[in-house]
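Below is one structure; the comments refer to it alone.
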Ligand SMILES: Nc1ncnc2c1ncn2[C@@H]1O[C@H](COP(=O)(O)OP(=O)(O)OP(=O)(O)O)[C@@H](O)[C@H]1O
Ligand SMILES: [Mg+2]
């Protein structure tokens, strides 16, 4: 039976259909779930959105008080409450169409009511367990099918806990054998292989420490700097001269593209299966500053071993049920953009042709790969995946500490948002503009969320909810570097 316990106050003043005012007799925190007994529909779930203490102590009277003097103050604790609704006989969440009566009792909602109306239930096959509903022992799961079909954004200021939460999500995908590819600019996710140190948090959340060594495959364009990773190489034959310039680190297209094209044309006539070494030899003969630069930069590309005759094969890169990490630590930004563009296009093309399983593509530091201002090499393909990927079972997950700096079209295509603490006003504005259903109270709460608490919107839930992120089963790789010993 659904039962509300603990009266916390009464409704007062004018009562609307979406919200009402509450005079509190018990302390309740902002965000807490409340219930009102409706004559027609039974218990209706509500949430405290705002709180203030109203008093009859005026400014002048307060100023006139002596330091030790206690004034006889008459005060009221008043709340603004948002009505979430009840589930009807068909299981649909509805809001009563007749306002509650002023004077009606308001209770603390019990957990069965909260879980039922919010739709929090255990889905062994399709639920990704991300944590507990804040201040409750109710599990919050995200529907994995929704994640892949509707795209996700993870937004928070730096140090807000984005990578930690994403680690939790990837652990869940690995447990459910869902394929994922992670663009990992800082080489943080290799630690998914290793089990975390069990602590008290694990027991409270019902999490066991476990590594996923067998399901993690890691590649890097710079395998020397990242020894845990296999070398990621690209096929020279499938690269156009402009892209080759990016690998060479040359931005002056006007100066360098025509002579590079000439070299490639010459070499391809004599050696159809040419290698970078053949290009280096051909560039050697040139005279003048431009030719010298081309020669020197081609030598550099040869040293990186990034471009081979074959390139890393798709079968090697993506395996059903595994997580592929593309570790870009130490890779120059323009090369990283090209790598992301290449990988994303290959995945999208092959997904369209059904050659690889449905997958979840995670882009960390996404503001660098699909910026709001200007175009980078990876912008176009990421916009395409954001708008069309879902049709082909390619779910996109963008992670950024600058919501205002990521392409608005990409952000607005994400139907599940995982938001941790955000304080920058521009980022907050970008978030409120791209998400429906955020109340003023929620926007204010986002600014003061403690580390490890996320606001989840979408994801199959019809109302935003606050979730205390569960501890990691695996080790977190993004620990802050200590400058001096603590
Ligand atoms: N749910 C959590 N439980 C416990 N500790 C956490 C949690 N989330 C984050 N932390 C801690 O907070 C710190 C920052 O987290 P994280 O690396 O995920 O931040 P971030 O948002 O990815 O930052 P950046 O923008 O710099 O990449 C880490 O040291 C991590 O251990
Ligand atoms: Mg991070």
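Please treat every number below as a calculation from the coordinates, not as lab data. This one's a predicted model, so the numbers in the text were calculated from it and none came from an experiment. We place every Cβ from the backbone using ideal geometry, glycine too, and count neighbours over all the protein chains shown.
Peptides 195-202, 445-452 ordered by packing proxy, namely the average of other Cβ atoms within 10 Å per residue, highest first: 445-452, 195-202. Among rounded, prolate and oblate, which fits the stretch 236-382 when a ≥ b ≥ c are the square roots of the eigenvalues of its C-alpha gyration tensor, a/c under 1.5 means rounded, and a/b larger than b/c means prolate? It comes out prolate by the Cα gyration axes. The protection proxy used here, the mean number of other Cβ atoms lying within 10 Å of each residue, ranks peptides 362-373, 302-313, 36-47 as follows, highest first: 362-373, 36-47, 302-313. Cα-based radius of gyration for the stretch 5-110, normalised by 2.2 N^0.38 Å, reads 1.31.
What percent does the relative contact order of the stretch 226-315 come to when contacts are Cα pairs within less than 8 Å and at least six residues apart?
45 percent
Rounded, prolate or oblate: pick one for the stretch 151-282, where a ≥ b ≥ c are the square roots of the eigenvalues of its C-alpha gyration tensor, a/c under 1.5 means rounded, and failing that, prolate if a/b is larger than b/c, else oblate. It comes out prolate by the Cα gyration axes. Compared with the alpha-carbon gap, the fully stretched path from residue 14 to residue 89 is longer by 24.1 nm at 0.36 nm per residue. Take every DSSP beta bridge whose two residues both sit in the chain; close to 65 percent of them are antiparallel.
Any idea what the alpha-carbon Rg over 2.2 N^0.38 Å comes to for the stretch 281-352?
Working: Rg = 16.3 Å, N = 72, 2.2 N^0.38 = 11.2 Å.
Output field value: 1.46.
Note on the stretch 77-150: the C-alpha convex hull projects to 7.3 nm² when averaged across all orientations.
When only C-alpha pairs under 8 Å and at least 6 residues apart count, what is the relative contact order of the chain, in percent? List each step's numbers first, then the result.
Working: 989 pairs, mean separation 96.3, N = 486.
It comes to 20 percent, rounded to a whole number.
Per residue, the convex hull spanned by the alpha carbons of the stretch 363-486 comes to 155 Å³. Extension gain, residue 243 to residue 462: 0.36 nm times the residue separation minus the Cα-Cα distance gives 74.4 nm. Convex hull volume of the Cα atoms of the stretch 180-234, normalised per residue: 109 Å³.
Between residue 275 and residue 125, what FRET efficiency comes out of the Förster formula 1/(1 + (r/R0)^6) with R0 = 30 Å and r the beta carbon distance, rounded to 0.05? For R0 = 30 Å, the calculated efficiency reads 0.05.
A Stokes-Einstein calculation at 20 °C with viscosity 1.002 mPa s, built on the Kirkwood radius of the stretch 235-308 over Cα pairs, returns a diffusion coefficient of 178 µm²/s.
Peptides 316-327, 59-70 ranked from most to least packed give 316-327, 59-70, packing being the mean of other C-beta atoms within 10 angstrom over each peptide's residues.
The long axis of helix 379-388 is offset from the longest Cα principal axis of the chain by roughly 50 degrees.
Length gained on full extension, residue 448 to residue 429, computed as 0.36 nm times the residue gap minus the Cα-Cα distance: 5.3 nm. Kirkwood hydrodynamic radius of the chain, from the reciprocal of the average inverse Cα-Cα distance over all distinct pairs: 25.5 Å.
Here is how the number arises for the chain: DSSP H runs of 4 or more residues each give -39500 (n - 2.57), the sum is divided by the residue count, and the result at 222 nm is -9000 deg cm²/dmol.
The angle between the Cα long axis of helix 333-352 and the main principal axis of the chain comes to about 80°, on a 0 to 90 degree scale.
Could you tell me whether the stretch 152-191 comes out rounded, prolate or oblate from its Cα gyration tensor? Rule is a ≥ b ≥ c as square roots of the eigenvalues, rounded for a/c under 1.5, then prolate if a/b exceeds b/c, otherwise oblate. Prolate is the answer for the stretch 152-191, as a/c is 1.5 or above and a/b outweighs b/c.
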